[in-house]
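*Asks:* Sharing a structure, written as C-alpha cells. Questions coming.
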Protein chains: 2
Amino acid sequence: MANQLSGVFAPVVTPFRDDGAADADRLIAHCRWLLSHECGLAVFGTNSEGNSLSVAEKIDLIDALIDAGIPPNRMMPGTGACALPDAVALCAHVAKRGCGGGLALPPFYYKDAGDDGLFAFFASLIEAVGDERLKLYLYHIPPVAGVGFSLDLCERLIKAYPTVVAGTKDSSRDDDNTRAMLERFPGWGVFPGNETDLAAMVRHGAVGTISATCNVNAPAIVDLYKHAAADDAADRQAKVNAVRTAFSRYPMIAAMKAVIAKAHDDPVWRNLRPPLLPLPDDQSAALHADLEAIGYTFAPAGS
Amino acid sequence: MANQLSGVFAPVVTPFRDDGAADADRLIAHCRWLLSHECGLAVFGTNSEGNSLSVAEKIDLIDALIDAGIPPNRMMPGTGACALPDAVALCAHVAKRGCGGGLALPPFYYKDAGDDGLFAFFASLIEAVGDERLKLYLYHIPPVAGVGFSLDLCERLIKAYPTVVAGTKDSSRDDDNTRAMLERFPGWGVFPGNETDLAAMVRHGAVGTISATCNVNAPAIVDLYKHAAADDAADRQAKVNAVRTAFSRYPMIAAMKAVIAKAHDDPVWRNLRPPLLPLPDDQSAALHADLEAIGYTFAPAGS
C-alpha cells in the first residue's frame, strides 16, 4: 500500500482579497498556523472553495506555498476536475512539486458515468501523468459531488495502481462506509471526512482525519487524534464535537472565515468567492455568541 | 429583451481522436452538416461532453470553427464553469469572437449557493467581462448540474442585465417550468431542452429548441419547428419523438456517436472522453436495429 500520510489535515480555507483574487500571503500565514499545531494542509478541498479556483490559480498557489517554505510533503492539494486535461495538469504539478498526495474528486458533472467510466478516467489520468511520485487520495463526497467511489471501484483502482492510489477521504457522512473501507482495505490511508467520531475511527484503523473545522480548531482535534486510545478520549471527543456543532449551524466556510477575520481583526478574511457568500453580520454575531457560550476561542499567533 | 437567436440548435457532439484529443476537423465537418440543415451550433453543451473539455480546449475549438468559416452568430458555446475566472475567460472569448450567445451553466459544485450566491456569481461574471456583445442563455438543467435557475433568479438577472441575459435553455424536464418562463418573461429567448413537445411549445412562444437528437435528426426537427402551426404538426411531432425514444434507450451521447460513426464508416467517431465511454458493440447493434425498425436513417453528406 502506498499511503505515507497520517494525522489531522485541514481543507485549508482560501482567503480572497477585496478585488476577488486569491490571496497567497494570507493563505501562507494560515498554513503556518496550522502546521505549528501539526495540522497538515489539504488545500483546495471543498471547504477551501477549491472548485471556485481555476487550474492556473491552484498551480500558482501551490508554488507560492512551497516557495514560502511550506513543506510539500505536508500538503495534499485537491486535484479534482471535470475535464481530464485539467486533472492531468494538476496531478502532474502536485507530483512534480513533491506534495504528499493529491485529493482526487471524481469528475462530477456527468452523474451516470458509473464505475467503468470512473475507472477509465483515473486510468487515463494516472497514465497521462506517468510520474511515480504521484499519490492519490480518492475524495468520496457524494452528497456534494453527486458522484462517488464505490468500494468495488476503490478495489479496482488499488489493484491496478497500488503505488498511486494511496487512500481516501470519506465524506459520505456514512460511518458504515468508512468502517467497510477500513475492513476491506487494511493498510490503506483512510481519512474520515470529519472529526465527529475520530477517536473511535482511529482505534478502528483510520490514519487521521481531513476536516473543515481543523481550520479553527486544529489544536484540539490534533490532541484528540493523538489521544484516541486514552482514558479521556470520550471527553476530548465531546469537546471537539461541541465546537463543530456550533459551526455547523451556519454555512461552514463563511462561518470559519468570520471567526478567522475576527481573531485577526482583518475583514478581508470574511470574503468568499461567488457563488458562495460571506456570513451576514447578524449570523456572525450569533455564531460568536454560540462559541463564547461553549468557552471556545480562536487565538492564532499574531492576532 | 436581448434575444436575437431562434430556431433549432444542436448541442454539437465533440469528436475525440484515438489519442484522446478533441478533433477540430471532424467537428467542423459535423457543424457544416448541421448548418446545411439550418441547425444552429450549441457547442460544449452537456451532450457535447462540454464539461470534459478544458477552458483552453474550448477557446481553441471556437477559434478553429470560426477560422474554418463557421459563422459565429450561429454558435452558442457552453460557457459554464465552477470557477468564476474560467467562466469569465470563456464568456470574454465568446463575446470577442461575436458568437450569437453563450450557454451558461450555473457554477455546479456547491449545491447550496442559493439565488443570492448565483446572482452574485453572474453579476461578477458579467461585470468582469464588461463586453456589450455578450449574450447569455441561462442553462437550467438541475437533473444533471444539481443547481438550477429559479424563476425569481431569472427575473433578477433579466432586470439587472437586460441586454445580456437573453434567454434560457430549459432542460428541467418539467414542462410546467418552461410554460411558466414563457408566461412570465414574454419576449425572452426560451429554448426547451428537447424537442418532445416542440410544436406546442413554439405555439406557446418558445423560440426554438436546443436538443441532443438534433445531432442525428436535424432535418426532421427543423421541419417540425418550421411547421409547428401546420395541420400535420402532430404527425411530424410523433415521427420526431419516435427517433428520440429510440436513442433514449441507450446512453445518449454514445448512441449518437455510434450512429454518426456508422454513417461515415469512421470508428473514430465512436470515441468518448472518460468518464464517458463508447457504446458497446452489442448495444450499438441493437440501437441500429431499433432505428431500422422505425425507418430512420442518418445520411450526412459525404457518408
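*Asks:* How do the pairs read when you match residues in the stretch A:153-166 that are closer than 10 Å to residue A:136 by Cα with residues anywhere that are assigned to a loop (DSSP other than H, G, I, E, B) and at pLDDT 95 or above, using Cβ under 6 Å and keeping only pairs 6 or more apart or on different chains?
*Replies:* Close Cβ pairs (under 6 Å, with a partner that is assigned to a loop (DSSP other than H, G, I, E, B) and at pLDDT 95 or above) amount to A:164/A:134; A:166/A:101; A:166/A:135.
*Asks:* Does any residue of the stretch A:24-42 turn out to be buried (at least 19 other Cβ atoms within 10 Å of the Cβ) and within 14 Å of chain B (Cβ to nearest Cβ)?
*Replies:* No.
*Asks:* Moving on to the next point. Could you list, in sequence order, the residues of the stretch A:87-134 that are within 8 Å of chain B (Cβ to nearest Cβ), in contact (Cβ under 8 Å) with a residue 40 or more places away in the chain and within 22 Å of the chain's Cα centre (by Cα)?
*Replies:* A:106, A:107
*Asks:* So, one more: Looking at the stretch B:97-139 only, could you name the residues that are surrounded by fewer than 21 Cβ atoms within 10 Å (Cβ to Cβ), small (Gly, Ala, Ser) and within 19 Å of residue B:77 (Cα to Cα)?
*Replies:* B:98, B:128, B:130, listed by residue number.
*Asks:* What tally of residues in the stretch B:20-43 results from selecting those that are of a type in the set (Ser, Thr, Tyr) and assigned to a loop (DSSP other than H, G, I, E, B)?
*Replies:* Count: 0.
*Asks:* Next up: Would you confirm, using the coordinates I've provided, whether residue B:48 is open to solvent by 40 Å² or more (accessible area, probe 1.4 Å) and among the hydroxyl-bearing types (Ser, Thr, Tyr)?
*Replies:* For residue B:48, the condition - open to solvent by 40 Å² or more (accessible area, probe 1.4 Å) and among the hydroxyl-bearing types (Ser, Thr, Tyr) - is not met.
*Asks:* Does the stretch A:64-83 contain at least one residue that is open to solvent by less than 10 Å² (accessible area, probe 1.4 Å) and in a helix (DSSP H, G or I)?
*Replies:* Checked the stretch A:64-83: at least one residue is open to solvent by less than 10 Å² (accessible area, probe 1.4 Å) and in a helix (DSSP H, G or I).
*Asks:* On the given criteria, is residue A:122 in contact with a strand residue (DSSP E or B) (Cβ under 9 Å, 6 or more places away or on another chain) and at positive phi?
*Replies:* So residue A:122 fails the test.
*Asks:* Is it fair to say residue B:205 is modelled with pLDDT of 95 or more, surrounded by fewer than 17 Cβ atoms within 10 Å (Cβ to Cβ) and not basic (Lys, Arg)?
*Replies:* So residue B:205 fits the description; yes.
*Asks:* On to the next question. Tell me, please, whether a residue that is at the interface with another protein chain (Cβ under 9 Å from one of its Cβ atoms), open to solvent by less than 20 Å² (accessible area, probe 1.4 Å) and more than 20 Å from the chain's Cα centre (by Cα) can be found in the stretch B:140-148.
*Replies:* no
*Asks:* Residue A:69 fails exactly one of the following numbered conditions: (1) without any contact (Cβ under 8 Å) to a residue 24 or more places away in the chain; (2) facing chain B (nearest Cβ under 9 Å). What is the number of that condition?
*Replies:* Only one criterion in (1) without any contact (Cβ under 8 Å) to a residue 24 or more places away in the chain; (2) facing chain B (nearest Cβ under 9 Å) is unmet by residue A:69, namely (2).
*Asks:* Let me ask something additional. Do you know which residues across the stretch B:51-63 are in a helix (DSSP H, G or I), within 14 Å of another protein chain (Cβ to nearest Cβ) and buried (at least 17 other Cβ atoms within 10 Å of the Cβ)?
*Replies:* B:51, B:52, B:55, B:57, B:58, B:59, B:61 - these are the residues of the stretch B:51-63 that are in a helix (DSSP H, G or I), within 14 Å of another protein chain (Cβ to nearest Cβ) and buried (at least 17 other Cβ atoms within 10 Å of the Cβ).
*Asks:* Is the stretch B:191-202 home to any residue that is in contact with a Cys (Cβ under 8 Å, 6 or more places away or on another chain), surrounded by 17 or more Cβ atoms within 10 Å (Cβ to Cβ) and within 24 Å of residue B:44 (Cα to Cα)?
*Replies:* Checked the stretch B:191-202: at least one residue is in contact with a Cys (Cβ under 8 Å, 6 or more places away or on another chain), surrounded by 17 or more Cβ atoms within 10 Å (Cβ to Cβ) and within 24 Å of residue B:44 (Cα to Cα).
*Asks:* Give me the residue from the stretch A:27-62 that is of a type in the set (D, E, K, R) and in contact with a helix residue (DSSP H, G or I) (Cβ under 9 Å, 6 or more places away or on another chain) and, out of that set, farthest from residue A:273 (Cα to Cα).
*Replies:* The residue in question is A:38.
*Asks:* Quickly run through the stretch A:114-142 and pick out the residues that are farther than 26 Å from residue A:175 by Cβ and among the small types (Gly, Ala, Ser).
*Replies:* Result: A:117, A:120, A:123, A:124, A:128, A:130.
The values are calculated or read from the model by the stated rules, or taken from the named source; none is laboratory data. The shown structure was predicted, so the numbers you read here are calculated from the model rather than taken from an experiment. No Cβ is skipped: glycine too gets one built from the backbone with ideal geometry, and neighbour counts run over all protein chains shown. To get the accessible areas, we keep the full protein, side chains included, count just its heavy atoms, and leave off ligands, DNA and RNA. Shrake-Rupley method; radii C 1.70, N 1.55, O 1.52, S 1.80 Å.
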